[in-house]
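Here is the structure we will look at.
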Amino acid sequence: MEFIGDSEQEKIIDDLQKWFEENDKLPKKINRLLLTRFYYCMFKDVEETKNLIEINYAMRQRAPTIFITRDPTDEDTQNSAAYADMVLLPGMTPDNCRVSLLYINNPDPKMMHHAQDIKAYFMVTDYRFSMPDMITSEGKALLAEGEIKIIDMKHFTLKHIPRLSIWALRTTIKYLQEAYPIHFHTDDLERLYDHVPRDMLVEEHGGQAGKISDYKEELIQSVTDKREYLMDLDYWKV
């Protein structure tokens, strides 16, 4: 777990931000917390951080319909929200990971619009990466050291497969493997409770943290409140 605000570290982030803003391969602006996440992801190696950032934004430019041209209030996003629930679970795990849940709530394959759904997913993650993962009682911002994603595919069937976009799927896998500014923790459901305390999990997955619906509307509103940032091309387009 990392505290934001250490003076020596902030000087490094200042230098990285200056490098970013003067780099013709990158957009004009970057959210400072997102920049810090890149730095942490590369174990505070400045040159590796720069490399990851350039890879990230190069991939965004090659897939603007997923990463750049977007609006959290448009019909596509509303359709994705009706088809699938994505929520951020409260707190962090004992090993300082943030947990999110993606749940297909409607079994009707006609509700699935794969490329649009992926765009909505990355819009939520871009919102999340611009915000601290936790605020301490002293008002200090914290960032998680890793990410656990619970993907519930209970309603996914063979009828959904023809609706998959191979291009969007390939883009997603490549981006997550090569350009995502955070580390994933992977495991099977049987060991889920070894990593995620029940008081962090929703009731639908055997937890004690309330229902999915308790968090869904809150997240939708939070992403909507960040609409200007998410649509500002100065942050995303080269």
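Before moving on, here are some points about what is shown:
- Taking the Cα centre of segment 2-229 as origin and assigning +1 to Lys and Arg Cβ atoms and -1 to Asp and Glu Cβ atoms, the resulting dipole is close to 840 debye.
- Sparse packing (at most 15 other Cβ atoms within 10 Å of the Cβ) combined with a DSSP loop state is found for the following chymotrypsin sites (Phe, Trp or Tyr not before Pro) in segment 129-238: PHE156.
- Considering only GluC sites (Glu not before Pro) in DSSP loops that have at most 11 other Cβ atoms within 10 Å, the longest stretch of the chain without any of them is 23-137.
- Neighbour net charge for THR157 - beta-carbon separation under 14 angstrom, K R +1, D E -1: +2
- Positive-end residue, the chain charge dipole about Cα centroid, Cβ charges, pick of GLN9, ILE68, VAL223: ILE68
- Largest GNM mean-square fluctuation among LEU88, LEU101, LEU164, using the chain with Cα springs under 10 Å: LEU164.
- All aspartates and glutamates inside 16 Å of LYS28 as judged from Cα atoms, apart from same-chain residues fewer than 8 positions distant: ASP14, ASP15, GLU54, GLU228, ASP232, ASP234
- Segment 130-228 - percent relative contact order, Cα under 8 Å, separation 6 or more: 16 percent
- Choice from VAL87, VAL46, VAL99 showing the highest fluctuation, given a GNM over the chain with Cα pairs closer than 10 Å: VAL46
- Here r is the Cβ-Cβ distance between TRP19 and GLN78 and R0 is 30 Å; the resulting FRET efficiency, rounded to 0.05, is 0.20.
- Along the axis of the charge dipole computed for the chain (Cβ charges of +1 for Lys and Arg, -1 for Asp and Glu, origin at the Cα centre), the listed residues GLY210, VAL124, LEU143 are led at the positive end by VAL124.
- Two-site FRET efficiency, GLU54 against PHE156, from Cβ-Cβ distance with R₀ of 45 Å, rounded to 0.05: 0.85
Every number here is computed from the coordinates shown, using simple stated rules; none is lab data. Owing to the predicted nature of the structure, the values given are computational and were not obtained by experimental measurement. Note: ideal-geometry Cβ built from the backbone for every residue, glycine included; neighbour counts use all protein chains shown.
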